[in-house]
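Read-outs: derived from the displayed coordinates by stated rules, not from any lab. Keep in mind that this is a model prediction, so the values were computed, not measured. Note that we place each Cβ from the backbone using ideal geometry, even for glycine, and neighbour counts take in every protein chain shown.
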Ligand code: CP
Ligand code: NVA
């Protein structure tokens, strides 16, 4: 099961603009076939191992349903029901698991952990969320933007909220795909260019006031105030983030045809007003569904490379 031309997808910057151009086109085709009940089974007899060290609804369902639709099967592991929770070294787990499956998806804490796994894996490894990055989500978000509004190149994305995994991934995407990211976070929760791993500050701009970040944006997006693994900070975060709630006024400051996205799960009345997430500019359900279509394209790409149309 050794993969020729082994590539991993651990952060958005692992792929170049041309990889994304292919993936977005391929995801559109795969989605069209799915909607037409047309079989698309290039990964027959292949197995995906999914390792979850944090909870998930979308990531699990989209990878699991997606892999079955591609003709393959899945193994679902969590920290609690595997030796991962009993301190088996990550390197040993990688060597063992990757001898038995064709592809691995991991949701964990530190990015260094997924990197260690990948360094000892014989097969491609996909990041299903770490503290630092969430590349599959941004892949789906940009695909969703393209479906609704066309190319994202030259557009402006407003990020309102925590400067962690989602924000870091947006920064990488802006640099690679040529759009601007307006970032507004409470103080103490800023993005860190070195964590995001971007080369320059040209593709993003930091705003103290979330309303200013939204001004003229083509897409306004946010995320929970307290990410998984940070629950102990919940009270402090509720106080710090109180002004970082995407409301109708912020949406009015954006372009008239601006979209609203949220990776979900959402907390209405905290990071977003119900009127916004449940309103006409919100595309959160398309965004969630598209996780499956883009990840099917991604899994096919990592295992089989570029396919003729
Ligand atoms: N957006 C996202 O990754 O959702 P889950 O935590 O439900 O997988
Ligand atoms: N930032 C959130 C995203 C969940 C999909 C978290 O890390 O919990």
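What translational D, rounded to a whole number of µm²/s, comes out for region 98-209 from Stokes-Einstein when the hydrodynamic radius is the Kirkwood one over Cα pairs, at 37 °C and 0.692 mPa s?
My calculation gives 218 µm²/s for D.
Measure nothing but the geometry: give the 0 to 90° angle between the long axis through the Cα atoms of 58-69 and the longest principal axis through the Cα atoms of the chain, rounded to 10°.
40 degrees
Can you compute the label reach from residue 75? Point 7 Å from Cα along the Cβ direction, backbone N cut-off under 12 Å, restricted to region 100-139.
Residues 100-105 fall inside that zone.
According to a simple spin-label model (label point 7 Å from Cα along Cα-to-Cβ), what is the distance in nm between residue 7 and residue 33?
1.9 nm
Between residue 21 and residue 234, what is 0.36 nm times their sequence separation minus the Cα-Cα distance? Round to one decimal in nm.
72.8 nm
Which log10 I(q)/I(0) values does the chain give at q = 0.09, 0.11, 0.12, 0.15 Å⁻¹ under the Debye formula, counting every alpha carbon as one identical point scatterer?
At q = 0.09, 0.11, 0.12, 0.15 Å⁻¹ the computed log10 ratios are -0.43, -0.65, -0.78, -1.20.
What does the highest-first list of 195-207, 165-177, 22-34, 294-306 look like by mean Cβ count within 10 Å?
165-177, 294-306, 22-34, 195-207
Could you state the orientation-averaged shadow area of the convex hull built on the Cα atoms of region 137-287, in nm² to one decimal? All intermediate terms of the calculation are to be shown ahead of the outcome.
Details: hull surface 31.7 nm².
Seen from a random direction, the Cα hull of region 137-287 projects 7.9 nm² on average.
I'd like the distance between the alpha-carbon centres of region 25-67 and region 220-289, rounded to an integer number of Å.
After rounding, the separation between the Cα centres reads 26 Å.
Compactness ratio of region 230-309: Cα Rg over 2.2 N^0.38 Å, N = residue count?
With N residues counted in region 230-309, Rg over 2.2 N^0.38 Å equals 1.49.
Would you calculate, for the chain, the mean residue ellipticity at 222 nm contributed by helices, counting each DSSP H stretch of 4 or more residues as -39,500 (n - 2.57) and dividing by all residues, to the nearest 500? Mind showing how you got there, number by number?
On the way: 12 runs with 126 residues, N = 309.
Theoretical 222 nm ellipticity from helices: -12000 deg cm²/dmol.
Pull out the extension gain between residue 304 and residue 88, defined as 0.36 nm times the separation in residues minus the alpha carbon to alpha carbon distance; nm, one decimal.
Additional length available on full extension: 74.7 nm.
I need the semi-axes of the equivalent ellipsoid of region 49-169: take the C-alpha gyration tensor, multiply each eigenvalue by 5, square-root it, list largest first in whole angstrom. Before the final figure, lay out each step's value.
Values: eigenvalues 158, 61, 31 Å².
Rounded to whole Å, the semi-axes are 28, 17, 13.
Tilt of helix 165-177 relative to the longest C-alpha principal axis of the chain, in degrees (0 to 90, nearest 10)?
90 degrees
Quick check on packing: order 216-228, 45-57 by the mean number of other C-beta atoms within 10 Å, highest mean leading.
Ranking, from highest mean packing down: 216-228, 45-57.
Wrap a convex hull around the Cα atoms of region 160-218, take a quarter of its surface area, and give that in square nanometres.
Hull-based average projected area comes out at 3.7 nm².
From the mean inverse distance of alpha carbon pairs (Kirkwood) and the Cα radius of gyration, derive Rg over Rh for region 211-256.
On the way: Rg = 12.8 Å, Rh = 11.8 Å.
For region 211-256, the value is 1.08.
How long is the gain from residue 252 to residue 40 if the chain were fully straight, where each residue apart is worth 0.36 nm and the alpha carbon distance is subtracted?
72.1 nm
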